[in-house]
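The values are calculated or read from the model by the stated rules, or taken from the named source; none is laboratory data. All values derive from a computational prediction rather than experimental measurement. With ideal geometry, Cβ positions are generated from the backbone for all residues, glycine too; neighbour counts draw on all protein chains shown.
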Amino acid sequence: MFPTAAPDSHMPQPMYLTAQGMEKLKAELEHLRTVRRQDVADRIQESRERGGTVGNAEYEEAKDELAFTEGRILTLEHIINTAVLIEEHRGRRNTVEVGCTVTVVNQQDNQTSQYTITGTAEADPASGKISNVSPIGKALLGKKLGQVTEVSVPSGKIRLEILAIE
């Protein structure tokens, strides 16, 4: 008898992307494949011709850059091939989902904030785009209009009331 697998909390979370985010990643991938990869390969060749490979810092740096570029290509290919596209909805909604813009009020200091829940690849907290796996993002997902949720953040616990879901 084979052991049954326990629910795996290590299963990767789906990578959510908007159509715009997907196009941005595809454009980056295309640039890396067609332009960047060739530029770095040319630098490797030139540095090899100028000073060989042993003790040649320029050659080593170019090789490292090629490895980084190839790693980024693999990462982008994986994200693009496994991403879950976020459907665009217009207007108000009742429940917070990935892709929603949520207006909340912090009950401790009465500050109002607006967050757009995105996947990790598009998260940009400075512009109000937070990941679905961030503490606030996780706490808001599945909540309804008017509901209060408690979130553990680095400065302690905060209570957020949902004022609007779009």
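Observations, loosely collected:
- Candidates Gly55, Gly71: the one that is farther than 29 Å from Lys157 by Cβ and modelled with pLDDT of 95 or more is Gly71.
- Leading residue by the ranking (farthest from Glu161 (Cα to Cα)) among those in region 99-124 that are part of a strand (DSSP E or B) and within 18 Å of the chain's Cα centre (by Cα): Asp124
- Contact map, region 41-52: residues that are in the same structural domain as Leu66 (by TED's automatic domain parsing) paired with residues that are among the aliphatic types (A, V, I, L, M), Cβ distance under 7 Å, separation 6+ or inter-chain. Pairs shown: Ala41/Leu66; Arg43/Ala62; Ile44/Ala62; Ile44/Leu66; Ser47/Ala62.
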